[in-house]
Amino acid sequence: MTDSIDYTPPKVWSWTKPNGGTFANINRPIAGPTHDKELPVGRHPIQLYSLATPNGVKITILLEELLALGHAGAEYDAWLIKIGDGDQFGSGFVAINPNSKIPALLDRSEPEPIRVFESGAILLYLAEKFGAFLPKDIAARTETLNWLFWQMGSAPYLGGGFGHFYAYAPTRIEYAIDRFAMEVKRQLDVLDRRLAESEYLAGGDYSIADIAVFPWYGGLAKGWQYGAAAFLSVQDYKNVQRWADAILARPAVKRGRMVNRMSGDPSEQLRERHDAADFNTRTQDKLTGARP
């Protein structure tokens with residue numbers, strides 16, 4: 001690997017050595033399973049296989065919000081997928097998500113189980129299934145989907161772009177960091193301008209658009225992402241800060257952020273969730289996944 005300005009790409013690229021960086025052990029240029037491993041199945045209709053990354057947190061927040069509204073059918077088992085260990089390449093996981101990315105969901109409430117992968121698709125599926133957090137009015141629905149798909153298209157520049165080169169790459173490359181920092185600040189400005197005129201992203205009501213955007217850009221605003229809050233001057237985006245604080249104050253959001261978490265304060269980690277009562281178990285139970 002080289003960051004030399006004299007580097008000339010070969011005519012045909014080949015994978016001859018690991019590329020370095022935090023996730024080098026799981027990066028590869030081919031798809032498919034690396035090992036046989038069936039996924040566990042719990043007693044609830046919805047089975048979630050995930051990790052508390054921004055994309056994973058989207059789903060646990062929505063499920064907790066649905067339960068808070070009284071949708072009993074949204075009860076779920078959340079199983080921990082350790083992506084650093086390559087769990088996402090097990091045969092059972094790949095059968096649900098051939099792209100080998102978390103989160104992945106299996107809905108067993110239908111006559112034939114339905115697999116759902118890609119976090120935006122899961123949010124849309126659950127919102128339509130339970131008739132919540134997605135307006136029925138065509139204009140409001142479309143505005144919600146505008147911001148949902150904005151997140152899906154924009155966040156890779158924040159995560160795989162800025163986050164990778166700023167926090168995870170084996171060497172810090174000035175051009176790459178500057179290029180993606182500029183784009184992330186432009187995205188924050190997009191959000192800040194929108195939130196100056198609207199309480200939530202799609203209008204006056206909290207929706208799956210906010211649930212999708214919050215773990216990424218709310219997390220950035222509150223200092224959770226990449227240790228880059230000062231570098232990106234996130235405090236300057238006052239409307240994003242107001243919006244992030246409002247969402248973070250929601251009890252369902254606090255619960256959703258705990259599920260499948262493996263880092264941070266141990267009291268905020270619930271590595272697996274199989275019942276609402278799991279949030280009240282002892283810290284050690286949360287860390288080991290033991291049941292009371």
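The values are calculated or read from the model by the stated rules, or taken from the named source; none is laboratory data. Here the structure is a predicted model, which means the values were calculated and not measured. A quick note on method: Cβ atoms are made from the backbone with ideal geometry, for glycine too, and the neighbour counts reach across all protein chains shown.
Against the list (1) of a type outside the set (Gly, Ala, Ser); (2) modelled with pLDDT of 95 or more; (3) out of contact with any Ser or Thr (no Cβ under 8 Å at 6 or more places or on another chain), the condition TRP224 fails is (2). For the residues LEU188, LEU148, LEU134, the requirement of being touching a helix residue (DSSP H, G or I) at 6+ places or on another chain (Cβ under 7 Å), in a loop (DSSP other than H, G, I, E, B) and aliphatic (A, V, I, L, M) singles out LEU134. Number of residues in the range 222-243 that are in contact (Cβ under 8 Å) with a residue 24 or more places away in the chain, within 20 Å of TYR157 (Cα to Cα) and either among the hydrophobic types (A, V, I, L, M, F, W, C) or not in a loop (DSSP other than H, G, I, E, B) (or both) equals 5.
Residues that are part of a helix (DSSP H, G or I), modelled with pLDDT of 95 or more and exposed (fewer than 14 other Cβ atoms within 10 Å of the Cβ) within the range 247-275 comprise just one, PRO251.
Within the range 167-182, if we keep just the residues that are in a loop (DSSP other than H, G, I, E, B) and in contact (Cβ under 8 Å) with a residue 40 or more places away in the chain, the residue that is surrounded by the most Cβ atoms within 10 Å (Cβ to Cβ) turns out to be ALA169. A search for C-beta distances below 8 Å between a residue of the range 132-150 that is hydroxyl-bearing (Ser, Thr, Tyr) and any residue that is part of a helix (DSSP H, G or I), counting only pairs 6+ apart in sequence or on different chains, returns THR144/ILE208; THR144/ALA209.
Scanning the range 45-73 for residues that are under 17 Å from ARG115 (Cβ atoms), hydrophobic (A, V, I, L, M, F, W, C), more than 12 Å from the chain's Cα centre (by Cα) and not in a strand (DSSP E or B) yields a count of 1. Looking across LYS185, LYS222, one residue alone is of a type outside the set (Asp, Glu), closer than 30 Å to TYR49 by Cβ, more than 15 Å from the chain's Cα centre (by Cα) and surrounded by 14 or more Cβ atoms within 10 Å (Cβ to Cβ). It is LYS222. Is it true that some residue in the range 143-166 is farther than 22 Å from ASP210 by Cβ, among the hydrophobic types (A, V, I, L, M, F, W, C) and modelled with pLDDT of 95 or more? Within the range 143-166, one or more residues are farther than 22 Å from ASP210 by Cβ, among the hydrophobic types (A, V, I, L, M, F, W, C) and modelled with pLDDT of 95 or more.
Number of residues in the range 133-163 that are over 16 Å from ARG194 (Cβ atoms) and among the aromatic types (Phe, Trp, Tyr): the value is 3.
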